[in-house]
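The values are calculated or read from the model by the stated rules, or taken from the named source; none is laboratory data. Fair warning: this is a prediction, and the values are worked out from it, not measured in the lab. Here Cβ is always computed from backbone atoms with ideal geometry, including for glycine, and neighbour counts include all displayed protein chains.
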Amino acid sequence: MLEVSGLSTGYDSHVVVLGVSVDVREGEAVAIIGSNGAGKTTFLRAICGLLPVSAGDVRYEGRSIANLAVHKVARAGISFVPAERHLFPEMSVAENLALGAFPNRPDPDQQSLVFDLFPRLAERRRQAAGTMSGGEQQMLAVGRALMSRPRLLILDEPTTGLAPRLASQAYESLAALRTLGMTILVAEQQVPLVLGLADRGYVLENGAIQLEGPSAELRDNPTVQRAYLGVV
Amino acid sequence: MTAVIFDGLVLGLQFGLLGVGLTVVYGMGGILNLAYGSIAVVAAVVMSVSMRAGLQAGPAVVLGILTAAGISLTLNSTVLKPVYRRRGEDRVLLSLLLTIGVAFIIDGLLVWRFPIEALGLNVGWEPVSIIGVRMRAGSLLASAITLLVGGSLIFFFRATTTGKAVRSVIQDEVGARLCGVNPAAVRTLIFALSGVLGGIFVATQAMTSPVPISAGFEFTITALLVTVVGGLGSIRGAFLAGLILGIVNAMSSFYIGSYITTIILLAAAALTIVLRPSGLFGERA
């Protein structure tokens, strides 16, 4: 579904990600793990068009989307949930969700799916997004991303700023989405959580892929255990 | 006293409309368009000249409004192009410099080609009495138009998908793009809307007193005051600020003298900024 081959990107003339290849098949959940500053966010931002692709290609459902404008990538069926959420703070939960469906009117079925997944959002539908707690804002960000009925959901550090209990809840929701058939690509530092969700994973360090494989293999890998799972 | 407040309300509604045209452009792109008032005056000149050439008032006003929208769109797609490549303060500053240049050029051309042009729209109906105050028909029609346009604007921004898309770009441009909103298309729409509002403003002004070609700078300053007091980028703030400044304007003109009104307006604006630095409804603090 998504094939990233030899992608390089960065800020201005400063290359952060060099020659990274990742692929995601339909119905899969794929993890990108790595420490702070490894290039995970930069890599995802380049896929979504928020950063220029300086080398390599991004193919989505057979066509190249490298350097496509952000709104065109979104309309092609890829929803990106950035770590900073980028909600509309002065708009209500309902309005944020409605914009997720732009340029179409919000689909009531999709909205009830979001409310089933996050009952909290249904209770707060009139509240301004900017006045909600971090956990609720995270739910809204995912809910808004789902409103366009995306075929691929990309998330950057969905647990940013969340207490451990809320972080596990966030991953429970993502697991529920998987059972509905959603294809997911997620970058995460909390390795145990994300390997519980994903089928496969890539380890990104210093802007390059160091390791890749099925989640079970990565969990047993001594390097991964030492660097990310706190096993000595 | 009641009559003065009524006058202030009529003026204030118009100020609000004028302010909205400036504040949405700022909120959306960080562009302070100092040519705004001059573009509105071009609309007035087009209306006046085409009426003298035999056009009816209605079509002439529409032609003027469309001209203002056209100039505003042209400004967005030519002069302001380099501005969008910059971010933050750089963008605001460059937009100030370029649009003030455009304002000088427009004002210069007007003085050269139409030195004695002034737009007056005579509403020839009898004055009407409202709770004991005699109101000129021109004032009432101007208020009715302004209220109608203001109401439509609020409906547009609150209830339509396109209106929500505009607000989404004002509140978080990255978030808007991730939702599939094309900020360049929204910008085009808003510049056209801004020109239309400037055009409607001069038409309603001309219903109560003639609009001379020299009024551009004053209109820009008024719009700027309304925008700053209301909070940059805030639509409801602009209407509230417009009403407040309209009433202050009418009161000080009546009780103190029109020569000092501008100073009082500026003082009122300064006071608001001291008390609430982000304006009455600053979308961003």
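Before moving on, here are some points about what is shown:
- Residue in the range B:270-285 that is among the hydrophobic types (A, V, I, L, M, F, W, C), part of a helix (DSSP H, G or I) and surrounded by 16 or more Cβ atoms within 10 Å (Cβ to Cβ) present: no
- Each residue in the range A:137-188 was checked for being over 22 Å from A:Glu90 (Cα atoms), without any contact (Cβ under 8 Å) to a residue 60 or more places away in the chain and either in contact with a His (Cβ under 6 Å, 6 or more places away or on another chain) or among the small types (Gly, Ala, Ser) (or both), and 7 of them qualify.
- Of all residues in the range B:74-91, those satisfying the criterion of being of a type outside the set (Lys, Arg) and buried (at least 17 other Cβ atoms within 10 Å of the Cβ) are B:Leu75, B:Asn76, B:Leu80, B:Val83, B:Tyr84.
- Test: residue in the range B:182-199 that is of a type in the set (S, T, N, Q), closer than 30 Å to A:Glu95 by Cα and free of Cβ contacts under 8 Å to residues at least 40 places away in the same chain: yes
- Test: residue in the range A:70-90 that is over 16 Å from the mean Cα position of the chain (by Cα), away from chain B (no Cβ under 13 Å) and of a type outside the set (Val, Ile, Thr): no
- Of the residues making up the range A:203-218, one or more are among the β-branched types (Val, Ile, Thr) and part of a strand (DSSP E or B).
- Checking A:Glu61, A:Glu26, A:Glu3 one by one, the residue that is of a type in the set (Asp, Glu) and either within 14 Å of chain B (Cβ to nearest Cβ) or surrounded by 15 or more Cβ atoms within 10 Å (Cβ to Cβ) (or both) is A:Glu3 and no other.
- One residue alone among B:Leu66, B:Leu34 is at pLDDT 95 or above and touching a Ser or Thr at 6+ places or on another chain (Cβ under 7 Å), and that residue is B:Leu34.
- Any hit, the range B:149-158, residues being within 14 Å of chain A (Cβ to nearest Cβ) and either modelled with pLDDT under 95 or surrounded by 15 or more Cβ atoms within 10 Å (Cβ to Cβ) (or both): yes
- Going through (1) part of a helix (DSSP H, G or I); (2) among the polar types (S, T, N, Q); (3) at pLDDT below 90 one by one, B:Thr146 falls short only on (3).
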